[in-house]
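Report on the structure given below.
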Amino acid sequence: MTFYNNERIALFIDGSNLYSAAKSLGFDIDYKRLLEIFSEKARLIRAFYYTALMEDQEYSPIRPLVDWLDYNGYTMVTKPIKEFTDASGRRKIKGNMDIELAIDVMEMAEHVDHVVLFSGDGDFRRLVEAVQRRGVRVTIVSTIRSQPPMVADELRRQADAFIELQDLQPLIARIVPGREERYPAAVTSAAPADSADFMEDA
């Protein structure tokens, strides 16, 4: 990882994308350690975590993680998942956080020197390009070692640097059950509510 002690960095974590990438590599993320690692590398200004939540559920499996992150140094950006029925009568769910993430990156660009984006979504290529025009370096964290690769080729090419998530695994993987854990195992076992089968916003 190429970071400088005096540079200001901000982390932007696409919750469902990072969860899927880590799951494909077979490990859970220790979010406390993740924050510590990047704080040691540079001046960490802010760490954002994005996820949609099923608000009408009595219990949401992602809620313990959201609450833990909120109390432990992360800026949480959430919104309710929207349910609707499409023209063929099938139930669909919208939980895309791309717009929220993009707005925050653009707003933070004037306050940081380096943006670290935890996502492999190719839709962010233009965002990366726009931030780079403002003189901000952009690093993408995702994986090419899953099948299929989780990072879009165009996004990886556009970024100033790419960090393979599997290379970070020894540093940020949650301690295995039976040994000391940094927070309850339950908060890493649930997928963010906007992952998997959700339909993206138009």
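All of the numbers you see were taken from the coordinates with simple rules; none came from a lab. None of the values given here were measured: they were computed from a predicted structure. We place every Cβ from the backbone using ideal geometry, glycine too, and count neighbours over all the protein chains shown.
Multiply the residue gap between Gln147 and Thr75 by 0.36 nm, knock off their C-alpha separation, and tell me the result in nm, one decimal place.
Between Gln147 and Thr75, full extension yields an extra 22.8 nm.
Can you give me the convex hull volume of the Cα atoms of region 8-189, divided per residue and expressed in Å³?
138 Å³
How much length is gained on full extension from Thr2 to Met106, taking 0.36 nm per residue of separation minus their Cα-Cα distance?
35.2 nm
Can you say what percent of the DSSP beta bridges in region 8-189, counting only those with both residues inside, are antiparallel? Round to 5.
Looking only at bridges with both residues in region 8-189, the antiparallel portion is about 15 percent.
Quick one: if you stick a label point 7 Å off each Cα along the C-beta vector at Arg126 and Ala161, how many nm between them?
Result: 2.8 nm between the two label points.
Say R0 is 45 Å: what FRET efficiency, to the nearest 0.05, do Asp67 and Ser88 get from their beta-carbon distance?
0.75
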